[in-house]
Every structure is written in C-alpha cells, then in structure tokens.
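> Below is one structure. I have some questions about it.
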There are 2 protein chains.
Amino acid sequence: MAATQRIKDFLRSEKPEGPCLIVDLKVIEDNFRAFDSAMPGTRIFYAVKANPAPEILKLLNSMGSCFDTASVEEIKMALAAGATPDRVSFGNTIKKQRDIATAHMLGISLFAVDSVEEVEKVAAAAPGAKVFCRILTDGAGAEWPLSRKFGCDPAMASDVLLAAHKLGLTAYGVSFHVGSQQTRLGAWDTALGEAKAIFDTMLQHGITLQMVNLGGGFPTKYLKSVPGTRSYADAIHEGLAKHFGNAIPETIIEPGRGMVGNAGVIKSEVVLISKKHANDNVRWVYLDIGKFGGLAETMDEAIRYPIVTDKDDAEKGLCVIAGPTCDSADVLYEKVPYPLPLTLSVGDEVLIEATGAYTTTYSAVAFNGFPPLKAYVI
Amino acid sequence: MAATQRIKDFLRSEKPEGPCLIVDLKVIEDNFRAFDSAMPGTRIFYAVKANPAPEILKLLNSMGSCFDTASVEEIKMALAAGATPDRVSFGNTIKKQRDIATAHMLGISLFAVDSVEEVEKVAAAAPGAKVFCRILTDGAGAEWPLSRKFGCDPAMASDVLLAAHKLGLTAYGVSFHVGSQQTRLGAWDTALGEAKAIFDTMLQHGITLQMVNLGGGFPTKYLKSVPGTRSYADAIHEGLAKHFGNAIPETIIEPGRGMVGNAGVIKSEVVLISKKHANDNVRWVYLDIGKFGGLAETMDEAIRYPIVTDKDDAEKGLCVIAGPTCDSADVLYEKVPYPLPLTLSVGDEVLIEATGAYTTTYSAVAFNGFPPLKAYVI
C-alpha cells in the first residue's frame, strides 16, 4: 500500500513538477503472481480500464495475462501490448454494433451481453462468437457498489443465452461482478449459486455452458484492512465446489483495482491551508489535485485514500481536503474530515497512496485549464 | 435552449461521427448583448472555465468582454484570444505562489483571495496587485450549490482585506457567488447587504473599497423555466440601491453557464435499450455519452438536460438513462427516470440541449478508452 522504496527514490531523484502518479511495476508483478498462485486453474483477464498504461499492459502480457476491455480503443491497446485476440474479451455489455464489427475484425471472439437486444447486435456483427451473460448481483459489501447498470435478473439470463444459441452464437457462460472493492467474502457464494441455476436451466435445453466469469471486485488496501487474495480464492473455491460439485466449469477473473491499485502513489502539494472563520475548528487543506484531476472515486467520499506527509509524527487535527479547481464539488473529504498534522504548511509534499487504479483515465481533459494527471510507470 | 437552425444544419450537412458538442457562436453573441444591455454599468468577466474554446474567447474579446480565469493556463488562453491583462482576473482563491508570480509577470493585477494565507502569497508574488475578498453565501436556491469551499465568513473578510492593505496590496473589493444556476432572485439582496457591511468596516479603518464582484450564478434554461437576464439585473440594481444608496461601487459579473450554456447541443446516439427483467416497467437507455464523457453535472442528477429525439411525438415511457462506460456510476438519470418515446430504438440520434457549459473540459481523458468529447464551434 505505502509508497515503495523505488517510488520514493524516483520522487527524490526526479523531482517531477506538479501532481503526478508514480506506478511501481514490481508491485503489479507481485499482484499478478499472487492471483495466479492463489487461483491456478483460473484465467486472469486484467480489467484494462483500471489503468491502461502501455508499460502495465506489456508487463501483464509477458506474464501470460488475458485482458478484459471496455471499448475498441482498449482492445487495440491490449493487442498493441502483444496480446493475441483469443486472450482479449470485449467485456462491456453496451456496445455499438459497428464497434462489435471492428472487434470481430480484430479477431476478438468473446463478448459480454446482458440483454437479447445486445445478443442480436453480436450475432449480426460477430457471427459465431462466444457470449457470456452478465447477471445482476446486489453488491452489498462493496465500497464502490455497482448499481443496476450492468447485468440482468438471473431469471432472464437463460432467455438471453437461448437467444444467443438460436442466432448461431456460442452460449458460453455466466458472468457477475460482486462490486468493486468487495470485502464480504460470502458475496461470491450467492452469485455462484445463481450461476449454477442458469447452467442447470440451459442444460434442460440441451446446452452446456462452459464458463463462469467471476468478475472483479478484489479490493486493494486503502485505510481499512481487507482480506488477502488467498482468502478470496478460498471463498471462491468453496463456492464452486459447493454449487458445481465435480463439474467445475472453466473460470476467469477480471481484477483491475486488485491488480494495480496498491502499485501507485500520487504526489501532490499543499496549495493553501485556511479557515472559514476566526473560530473554525476545522482547517481547509487545498491540494493541487482533486476530483477532476484523477481522484473521481472520492465521489460521495466513497474511497478514503491513505494520505502521508513528512510530518506525520506531529499532532494531528481534522481537515477538510479539497482540490485546486474553481468548482465547489471539487472537495475530497468533508463529511468525514481527515486528520492531518497541525504543522502541515503550504508547499509541503503529500503522498496519496493506493492510487494506481482509476485515476489517470478519470482525469478531466483540461478542467479549469489544469492539465490531466501525469503518470510515470517505473 | 433548443438546437438552433445553424446547429441542425451543421449536423445534417457534416454528419459528425461519435458524440460531440456543437456550439453556436451567434447565441453567445446574443447572450453577451443581453448581459451588457441589462447591466450597462457593469463589467462582464466571462468565466473561462465554463467553456474555453478559442473561438468563444475570441468572439467575447471582440465584443469587449473581460475574463475570469481559474489557472495560469486559462490566463494564457484569454491573452491568446487578444485580451489585455487589465481585462483578466485570476479568480481562483487557491493558487500556488509560483502561479501567482507567473500571472503577475503576464501583467495580471486583479486577484481573488479568501484568507490571510492567500493574501500573503499574492503580496509576495504580485506586489501592489488589487485583491478582492470572496465571502461565503449560503447558496440556497442554486441547483448546483457551491458548498463552503470558496469564501470566508463575512465577519472575517475585513481582516483579510486589512492584511492585504498592510502588505502593500490594494484592498479592492468584495466578491460573492450566489451558487451556480441560481433561480432565487433574493439571493443577491442578502449578499449585497453583507458586502456593504464590509465596505463600512473597512471605511472605519480609513480604507475605501471600490468594487463588488457579483459573481456568476446566472442560470441557463434546462427543463424548468428560469428568470431572464433582465429580472436578475433588476434584482441586483435594487439591491445595490438599497444597500449602497448614492455610493454605488464599481461592479463586475462573472457569467459562465449563463453565457454559453444554451449555446451548445450534444449530439449522441442510442447504443442499447434493454430491460433488467421480463416485467421491468422501466427501460434502460444507454447513450454513447455519459458522466465521464462530459455530462459530469448530472452527478446526483443535479442538472436535468432537455433531451430531444426525432420521435418525440410518439407516446413516452419512463427510462433510466446511462452512459457507455463499464462504470456503474456512469448513470445519468435513475432516481427520477426520464420520459422518452416508446418507439426510440438503437442507433437513433438524441440531442442533449443546453450543454454548452461545463461539458468539454469536464470530459475524462480516456476513461474506458473512450476519447474526450469533441466540439465544433460554429
């Protein structure tokens, strides 16, 4: 979680100007190995959207990773990193038919769907492809819950997969996502039970599904402790054995945050510390990065990043933390103020840890004229 | 509000691929004239952050507008559009000292502050500059309220301005912002009363403030009707006369949304329409633009854009509207579903109106691989 020695050395020697993300590839290497050894029979599809830096994609490709992509652009990035098309899935359930056609032309043959309407597009633009149907889970226990945007009711999934079969596609499996930063191990058991019920229904129609896509949701450690990769693997293996018995299907996982979150640290600078009135007991600390510079996941204060300064041995006091733009929504932590050293002052460096995932790409193009978040992958 | 004939003609003749914003400069020209004629004695500082397209800045510069900027980059854009430095303010209360120094070097001499700490930076980096102190207002009545991020308690403002005076700066005035998209006309009266009290306190110290910055907050018409520019001007003039009597100070306004909001229309395309279960009575309509492609102001469903299709004569049914990314937060309207024609289908064009402000720059760099929002200024 904390800044690695390599990151610290980089900051000391390179002294990069302005807010920036530094990603340590060695941490990602370790994370991949941990997933791979905890779940040896499961193929890993890295969720490219978490951080599509070419260096990360190249490293993961060299280690044998597959790639879960959200758009044609991400497919091209995965292929550019050396991935063969059979190791790339188009995991977005919302695709333009012309994008499906492009993916098909690029050799992609595994697509996510969650509706008959989407199946029809895949059948038209990528004949013969494999599809898996995403089902809705309740997301309880996730810090960044998934709303109802993706997936259909489990009861509808077999209709979706039967439609795929009828249209000449391979009804390949079921997918779910227990919610990002999921810390409740039982979430997988429930979802696996629902997946098995769909396997059974399909078998009654003479169709054998082959794959369960266990999705992502593997957490990275922010401030609270989270279960380790091994605990997740155990929970998943138990769930598979319980529901599928001796007929355990092919499985894949799609870690994004769990693969890169703890590999990155954002370096920021204190721009201003002030109070709103003479007797204010909370300081306002303004940083040179905020919600529109990459920290969008502080929305509703959902994710609470560890913030480290050189003065952390000093006594601390509660602060509201905000970004540098003229936008009043650009406040990181206010509902639950953040303890920072009383001796913190303007110009001090601040490290925002565990920011390797969902930061660079969330960054706004030029909001208030501020450039997007720079990133150094080392 | 609606797409102008020029925008419709552009879409028909150019057929731009992918989601894009089209801005009609003629509407901005009309808006500037409306502000200028409704408030003839007030200088207009266009809030560049609302939409910094060079064509817009050049037009407004040619009409005599001044510019309110949030960063050194925005200052450079205003100067590049032809503005002289005396017509550019650095309106962000959160500035790095080196950015203040750069602004000073570029000739900027009007700065916003809201704390003694910020005054000290301005005094050090831009000696002799004019500063105005922003005060907190409650923001009631605003659709996109301003939180407490900017401004200090009115009771603290005279301390801030006295500190500026002592450090050799010109204590120039008071600024407030009644909240973006403010529809309660009385909001200005309250704030003007507080401003006058600060003028009085400063006079007791022998310092004559000269300016009231009335901020922005002028609304653009989304779905609900809003008072016109003239109504705002009347409310402001009444407030000025009531509180300042015969000693009405110099005034400036900082319209952003009110200047460009209704000049832009986003063209989008329906990517998928589906249901979550067989008996769902709400359709999910997925567009090719969402919260991370420029519609960030739909956060908490704060701003409800008018959405127009070619099929609006048909019967309508309630829809959840979501964007195209694999992010579950990328949902535009769900708490209050949006009525769209029952005959709407995949591939249909959808116009999202009144999207000229806070869209292109809010757009994420490459979230999920999707490119930032394209814009055409015509």
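> Filtering segment B:330-360 down to residues that are without any contact (Cβ under 8 Å) to a residue 60 or more places away in the chain and buried (at least 22 other Cβ atoms within 10 Å of the Cβ), which residue is nearest to the chain's Cα centre (by Cα)?
It comes out as B:L332.
> So, in segment A:302-339, how many residues would count as being part of a loop (DSSP other than H, G, I, E, B), away from chain B (no Cβ under 14 Å) and in contact with a Phe, Trp or Tyr (Cβ under 8 Å, 6 or more places away or on another chain)?
Count: 3.
> Evaluate segment A:285-299: report whether one residue or more is at the interface with another protein chain (Cβ under 8 Å from one of its Cβ atoms) and over 30 Å from A:F218 (Cβ atoms).
yes
> Also: Can you name the residue in segment A:52-77 that is under 16 Å from the mean Cα position of the chain (by Cα) and in a helix (DSSP H, G or I) and is also farthest from the other protein chains (Cβ to nearest Cβ) among such residues?
The selected residue is A:L60.
> May I ask you to list the residues in segment B:245-257 that are aliphatic (A, V, I, L, M) and surrounded by fewer than 24 Cβ atoms within 10 Å (Cβ to Cβ)?
Selection gives B:A247, B:I248, B:I252.
> Of the conditions (1) in a strand (DSSP E or B); (2) without any contact (Cβ under 8 Å) to a residue 40 or more places away in the chain, B:N279 satisfies every one except a single condition; which number is it?
Of the numbered conditions (1) in a strand (DSSP E or B); (2) without any contact (Cβ under 8 Å) to a residue 40 or more places away in the chain, the odd one out for B:N279 is (1).
Matching residues to (1) surrounded by 17 or more Cβ atoms within 10 Å (Cβ to Cβ); (2) among the β-branched types (V, I, T):
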site	(1), (2)
B:E238	no, no
B:H243	yes, no
B:M259	yes, no
B:A263	yes, no
B:I273	yes, yes
B:D280	no, no
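> Also, quick follow-up: Assess whether B:K149 counts as being basic (K, R) and within 13 Å of another protein chain (Cβ to nearest Cβ).
yes
> Just to be sure I understand the filter: pairs with C-beta atoms under 9 Å, separated by 6 or more residues or on different chains, first member in segment B:29-51 and touching a residue at least 24 places away in the same chain (Cβ under 8 Å) and assigned to a strand (DSSP E or B), second member surrounded by fewer than 21 Cβ atoms within 10 Å (Cβ to Cβ) and among the charged types (D, E, K, R). Which pairs pass?
B:T42/B:D36; B:T42/B:E250; B:R43/B:R87; B:R43/B:E250; B:I44/B:D36; B:F45/B:R87
> Still on this model: Output the residue which, of all residues in segment A:340-354 that are outside any strand (DSSP E or B) and within 15 Å of A:I266 (Cβ to Cβ), is farthest from the other protein chains (Cβ to nearest Cβ).
A:A354
> Please tell me if A:E269 is within 11 Å of another protein chain (Cβ to nearest Cβ), on the phi < 0 side of the Ramachandran plot and buried (at least 17 other Cβ atoms within 10 Å of the Cβ).
So A:E269 passes the test.
> Can you tell me how many residues within segment A:103-135 are more than 10 Å from every other protein chain (Cβ to nearest Cβ) and of a type in the set (S, T, N, Q)?
Number of matching residues: 1.
> For segment B:37-50, name all the residues that are away from every other protein chain (no Cβ under 11 Å) and more than 20 Å from B:V131 (Cα to Cα).
Listed by number, the residues that qualify are B:S37, B:A38, B:M39, B:P40, B:G41.
> Here's a follow-up. Can you run down the residue pairs with Cβ atoms below 8 Å, 6 or more apart or on separate chains, where the first is in segment B:361-378 and touching a residue at least 60 places away in the same chain (Cβ under 8 Å) and within 11 Å of chain A (Cβ to nearest Cβ) and the partner is charged (D, E, K, R) and surrounded by 22 or more Cβ atoms within 10 Å (Cβ to Cβ)?
Close Cβ pairs satisfying both conditions: B:T361/B:K49; B:Y362/B:E297; B:F367/A:K49; B:F367/B:D327; B:N368/A:K49; B:N368/A:E74; B:N368/B:D327.
> So in segment B:238-276, with the set limited to residues that are without any contact (Cβ under 8 Å) to a residue 60 or more places away in the chain and part of a helix (DSSP H, G or I), which one is farthest from B:Q182 (Cα to Cα)?
B:F244
> In contact (Cβ under 8 Å) with a residue 12 or more places away in the chain, surrounded by 22 or more Cβ atoms within 10 Å (Cβ to Cβ), in the same structural domain as B:D200 (by TED's automatic domain parsing) and within 25 Å of A:S345 (Cα to Cα), is that true of B:K149?
Spelling it out, it is not the case that B:K149 is in contact (Cβ under 8 Å) with a residue 12 or more places away in the chain, surrounded by 22 or more Cβ atoms within 10 Å (Cβ to Cβ), in the same structural domain as B:D200 (by TED's automatic domain parsing) and within 25 Å of A:S345 (Cα to Cα).
> Sticking with this structure for a sec: With respect to the numbered conditions (1) more than 9 Å from every other protein chain (Cβ to nearest Cβ); (2) modelled with pLDDT of 95 or more; (3) within 18 Å of A:T93 (Cβ to Cβ), which one is the sole condition not fulfilled by B:A263?
Of (1) more than 9 Å from every other protein chain (Cβ to nearest Cβ); (2) modelled with pLDDT of 95 or more; (3) within 18 Å of A:T93 (Cβ to Cβ), only one is false for B:A263: (3).
> Of everything in segment A:11-25, what is touching a residue at least 24 places away in the same chain (Cβ under 8 Å) and either under 21 Å from A:Y305 (Cα atoms) or of a type in the set (S, T, N, Q) (or both)? Give them in sequence order.
Those that are touching a residue at least 24 places away in the same chain (Cβ under 8 Å) and either under 21 Å from A:Y305 (Cα atoms) or of a type in the set (S, T, N, Q) (or both): A:L11, A:G18, A:P19, A:C20, A:L21, A:I22, A:V23, A:D24, A:L25.
> Counting just the residues of segment B:18-55 that are of a type in the set (S, T, Y) and within 16 Å of B:G217 (Cα to Cα), which one comes out surrounded by the fewest Cβ atoms within 10 Å (Cβ to Cβ)?
Applying the filter and picking the extreme gives B:T42.
> Determine the pairs where a residue that is more than 8 Å from chain B (Cβ to nearest Cβ) and closer than 17 Å to B:N368 by Cα, located within segment A:89-102, has a partner that is in a loop (DSSP other than H, G, I, E, B) and aliphatic (A, V, I, L, M) with Cβ atoms under 6 Å apart, the partner being 6 or more residues away or on another chain.
Close Cβ pairs (under 6 Å, with a partner that is in a loop (DSSP other than H, G, I, E, B) and aliphatic (A, V, I, L, M)) amount to A:F90/A:I108; A:I100/A:A126.
> Is there a residue in segment B:177-196 that is of a type in the set (V, I, T), under 28 Å from A:A329 (Cβ atoms) and at pLDDT 90 or above?
Here is the first cut: in segment B:177-196, the ones of a type in the set (V, I, T) are B:178, B:183, B:190.
After this cut, where a residue has to be under 28 Å from A:A329 (Cβ atoms) as well, the list is B:178, B:183, B:190.
From what is left, the residues that are at pLDDT 90 or above are none.
The answer is no; no qualifying residue exists.
The values are calculated or read from the model by the stated rules, or taken from the named source; none is laboratory data. The structure displayed is predicted, hence computed values, not measured ones. For neighbour counting, all protein chains shown are included, and Cβ atoms are generated from backbone atoms with ideal geometry for every residue, glycine included.
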